[in-house]
1. Please determine, in degrees from 0 to 90 and to the nearest 10, the orientation of helix 31-47 with respect to the longest principal axis defined by the Cα atoms of the chain, where the helix direction is its Cα long axis.
2. Would you mind calculating the gained length between His30 and Thr284 on full extension (0.36 nm times residue separation, minus the Cα-Cα distance), in nm to one decimal?
3. For the pair Arg19/Ser232, report the inter-label distance in nm, with labels modelled 7 Å from Cα in the Cβ direction.
4. Read phi for every residue in region 137-144 and hand back ³J(HN,Hα) as whole Hz from Karplus 6.51 cos²θ - 1.76 cosθ + 1.60, θ = phi - 60°, with x for Gly and Pro.
5. Report, in whole Å, the centroid distance computed from the Cα atoms of region 90-125 and region 219-247.
6. Leaving ligands and nucleic acids out of the surface, order Thr227, Thr161 by accessible area at 1.4 Å, largest first.
7. Rounded to the nearest 20 debye, what is the charge dipole size of the chain about its Cα centre when +1 sits on each Lys and Arg Cβ and -1 on each Asp and Glu Cβ?
8. Just subtract the alpha-carbon distance of Asp51 and Arg195 from 0.36 nm times their residue separation and send over the number in nm, one decimal.
Amino acid sequence: MQTDVMAPPPTSLAERFDRDGFVVFEDFVHPAACEALRDRANQIVTAFEPDATTRSVFSTNEQTRTSDEYFLGSGDKIRCFFEEEAFDADGELRQPVERSINKFGHAQHDLDPTFDAFSRTPELAALADSLGFGSHVLVQSMYIFKQPHIGGEVTCHTDHTFIWTDPVSCVGLWFAIEDATVDNGAMWTLPGGHRLPVKSRFRRVTAGDAHAGGTVMDQLDPDPYPTEGMVSLEAAQGTLIVLDGRLPHLSGPNRSPRSRHAYTLHAIDPTAHYPADNWLQRPTLPLRGFRG
Ligand code: FE2
């Protein structure tokens, strides 16, 4: 006799993380802490004075050669990157600089006291323990503005593509600093998609290649990620979403009048091999974990 026995629902956070490739924690961060981080982020971009060499545009579609030095040297600094639509046809900003920045990164969690404190709380360390990555180190941070009207799309990708380790160890921590809705560019993901093969690897081009000094996206699997089954991860301010490094995710453009600020941290296992041609290098900063 055949019996229909459904698999029991996962009982622990770690089991849910393993099943879906992500876990959502609502109200993880107090609104006051979100607002303090937003205030500090606004201070950083208001103080930013762009010049010809810092007019770097962030895009996951293409990282231009001209941006390479500014981008590739940002692993141990705090550098601002413009929205693709920030400039008009004459190369002038369409709106004030603080409304034109796509994001800044990639080491404010180590260099700025406000970001350091936000990134290393007992609650976050305990959560990392419970999900099995409590001994990881924080390799990268990004503060993402998703500006009103011009907030850029982020195409479907995995974080492991950009932060490669052997074995795979990258974990993403995505904090909603403002409410994220489908309208203003919430994240979308494919539950269970972390079990699909990773499609690509973004890396530096090393000496000997015609494009040495730049970057390249190696295609490892030509099939695109399926779009069917993707779910939106609308998130109220203070929500934390933890993402497996192999989980495909994306976010649409923001055409709404509301910004969608988010803060992301990426953590890796310090015992895993970290290739010298990963785009992200931190020659001046030792890596620190969730407990400092
Ligand atoms: Fe990502």
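The values are calculated or read from the model by the stated rules, or taken from the named source; none is laboratory data. Just so we're clear, the structure is a prediction, and the values are computed from it rather than from any experiment. All Cβ positions, glycine included, derive from the backbone under ideal geometry; neighbour counts span all protein chains shown. The accessibility values were calculated without ligands, DNA or RNA, using every heavy atom of the protein model including side chains. Shrake-Rupley method; radii C 1.70, N 1.55, O 1.52, S 1.80 Å.
1. So the helix axis and the longest Cα principal axis differ by about 30 degrees.
2. Numbers: separation 254, 0.36 × 254 = 91.44 nm, distance 3.23 nm.
Fully extending the segment from His30 to Thr284 adds 88.2 nm.
3. Reported label-point gap for Arg19 and Ser232 is 2.5 nm.
4. Using θ = phi - 60°, the values come out as 10, 8, 9, 7, 9, 9, 10, 10 Hz.
5. 22 Å
6. Numbers: Thr227 115, Thr161 5 Å².
Largest accessible area first, the list is Thr227, Thr161.
7. The calculated dipole for the chain is roughly 380 debye.
8. Numbers: separation 144, 0.36 × 144 = 51.84 nm, distance 4.33 nm.
Length difference between fully extended and current span is 47.5 nm.
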